[in-house]
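Below is one structure, written out as structure tokens, with a few remarks after it.
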Amino acid sequence: MSLIAEFRKMPIKKFEEWCLSVAIEGNAEDAHAFLQQNAKPLTEYEGSGYVYSTLLEYLAENGIDLEESEYAVLASQLTDEQYALCAVLTNEHKQLYLDSLNLANFDEEELSEYYNEFNDTAEAEAGSWMLEAIRVLQFNLREASESSVVLLTLV
């Protein structure tokens, strides 16, 4: 079974309400509906969401840590309880890393080698999958602001 990567933009105040609902009150079904009602869907990644699990590790190893933020504990809890992965992309991430995510900064062959080693596979298209995932990530990160976050979830 494949995972789907979803990007959603949500006002920070609504995000904090959602986290309270999910993490503290345990209202998973209500929280999912809350997310559907209060978060704007962004550009989708058409491939398997599994690519993002590998990509986020690759980026972190290369100085682009998108899983660390003031919301890291909440994202970790949401990952443990609701999603295969949840990352909260903030305005700080945007300021620090948006330019670093330019596709010209990445080598398709290196990405392919990393993906295949990380996943113990031999996927010929892995580098192009990773590049496309970076493109979608960078595009959606532009939506983060002082008043909103971008959620990356794997479902």
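Does any residue of the stretch 28-47 turn out to be at pLDDT below 90, surrounded by fewer than 17 Cβ atoms within 10 Å (Cβ to Cβ), not β-branched (Val, Ile, Thr) and not in a helix (DSSP H, G or I)?
no
Among 131, 154, which is the only one that is under 16 Å from residue 53 (Cα atoms), crowded, with 16+ Cβ neighbours inside 10 Å and under 11 Å from the mean Cα position of the chain (by Cα)?
154
Take the residues in the stretch 49-67 that are touching a Phe, Trp or Tyr at 6+ places or on another chain (Cβ under 8 Å) and not in a helix (DSSP H, G or I); name whichever of them is nearest to residue 87 (Cα to Cα).
Step by step, filter the stretch 49-67, then rank; the result is 66.
Checking residue 71 against (1) of a type outside the set (A, V, I, L, M, F, W, C); (2) closer than 22 Å to residue 145 by Cα; (3) without any contact (Cβ under 8 Å) to a residue 60 or more places away in the chain: exactly one of these is not met. Which one?
Evaluating residue 71 over (1) of a type outside the set (A, V, I, L, M, F, W, C); (2) closer than 22 Å to residue 145 by Cα; (3) without any contact (Cβ under 8 Å) to a residue 60 or more places away in the chain leaves (3) as the failure.
For residue 16, which of the numbered conditions (1) closer than 21 Å to residue 142 by Cα; (2) modelled with pLDDT of 95 or more fails to hold?
Residue 16 satisfies all of (1) closer than 21 Å to residue 142 by Cα; (2) modelled with pLDDT of 95 or more except (2).
Which of the residues spanning the stretch 68-106 are buried (at least 18 other Cβ atoms within 10 Å of the Cβ), at pLDDT below 90, part of a helix (DSSP H, G or I) and under 12 Å from the mean Cα position of the chain (by Cα)?
Residue satisfying the conditions is 75 alone.
Scan the stretch 74-116 residue by residue and report those that are acidic (Asp, Glu), free of Cβ contacts under 8 Å to residues at least 12 places away in the same chain and farther than 23 Å from residue 48 by Cβ.
99
Kindly provide the set of residues from the stretch 137-151 that are of a type in the set (Val, Ile, Thr) and more than 10 Å from the chain's Cα centre (by Cα), ordered by number.
Scanning the stretch 137-151 gives a single hit, 149.
The values are calculated or read from the model by the stated rules, or taken from the named source; none is laboratory data. Since this is a predicted model, take the numbers as computed values, not measurements. FYI the Cβ positions are ideal-geometry reconstructions off the backbone, even for glycines, and counts take in every protein chain you see.
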